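Beneath this line is the structure, given in C-alpha cells, with notes to follow.
The values are calculated or read from the model by the stated rules, or taken from the named source; none is laboratory data. Please read these numbers as outputs of a predicted model, since none were measured by experiment. Positions of Cβ are backbone-derived with ideal geometry, glycine not excepted, and every protein chain shown enters the neighbour counts.
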Amino acid sequence: MLTHAVAAVLFVSAQSLPASPPITPVDVETRLNGVEVACTGIGLEARSDPRWKSYGVRVELANSRSEYLTGGTVTVRDASGRAVLSAQCDAPWLLLRLSPGRYSVEATMPDAAPRSSAFIAPRTGQLRVVLQFKDL
C-alpha cells in the first residue's frame with residue numbers, strides 16, 4: 001500500500017514540471033509555467049537594458065570569486081514547496097516577475113553542489129538573490 005502511495009506522489013510530482021527544464025532564450029522576455037521570465041546579464045548593454053528593471057526578482061549565479069556563471073538550472077518554489085518554474089539559463093541572471101510573497105530558489109551547476117535561498121518577492125522594486133557556488 002505504501003509503495004502505491006509513493007508511486008502516486010512521484011507521478012504527480014513528475015507532472016508538475018518537465019523532466020528537463022527548458023532552455024530560456026537569452027535577452028528575450030518569455031513565459032514559463034505562467035511566470036514572466038528573462039535570461040540575461042551578458043555584457044554591459046544587456047545588464048543596463050531598461051526592460052529588466054521591471055522584474056521584481058533577479059537571481060544571479062556566481063562562483064567563489066563572485067564571477068558570473070552561465071548554464072545553470074534554476075527552480076523556484078512557492079511557500080508551500082510547490083515548484084513554480086524550472087529553467088536552464090545560458091546567462092548569469094534569471095529575472096522573474098512573481099506575485100509578491102515567499103519563495104525559495106535552488107540552482108544547480110555541473111560539478112558543483114546545489115545552492116538555494118529563501119526570499120520574499122517584493123511588491124515594488126527589484127530583489128537581488130545571489131547564489132554563489134563556492135566549489136567553482
> Of the residues 54, 64, which is among the hydroxyl-bearing types (Ser, Thr, Tyr) and under 17 Å from residue 99 (Cβ atoms)?
Replying inline: 54
>> Can you say whether residue 31 is basic (Lys, Arg) and farther than 20 Å from residue 104 by Cα, as far as the supplied structure shows?
In response: no
>> Can you find, within the range 38-62, the residue that is surrounded by the most Cβ atoms within 10 Å (Cβ to Cβ) among those that are closer than 13 Å to residue 126 by Cβ and out of contact with any strand residue (DSSP E or B) (no Cβ under 9 Å at 6 or more places or on another chain)?
In response: 53
>> Quick check on residue 64: is it out of contact with any Phe, Trp or Tyr (no Cβ under 8 Å at 6 or more places or on another chain) and either over 20 Å from residue 83 (Cβ atoms) or without any contact (Cβ under 8 Å) to a residue 12 or more places away in the chain (or both)?
In response: no
> If we scan the range 91-105, do we find a residue that is among the charged types (D, E, K, R), at pLDDT 95 or above and out of contact with any Asp or Glu (no Cβ under 9 Å at 6 or more places or on another chain)?
Replying inline: no
> Are any of the residues in the range 3-12 surrounded by 14 or more Cβ atoms within 10 Å (Cβ to Cβ) and modelled with pLDDT under 95?
Replying inline: no
> So residue 27 clears everything in (1) surrounded by 15 or more Cβ atoms within 10 Å (Cβ to Cβ); (2) closer than 17 Å to residue 128 by Cβ except one condition, right? Which one?
Replying inline: (2)
> Can you name every residue in the range 75-109 that is in contact (Cβ under 8 Å) with a residue 60 or more places away in the chain and touching a strand residue (DSSP E or B) at 6+ places or on another chain (Cβ under 9 Å)?
Replying inline: 83, 85, 86, 87, 88, 89, 90, 91, 94, 96, 97, 98
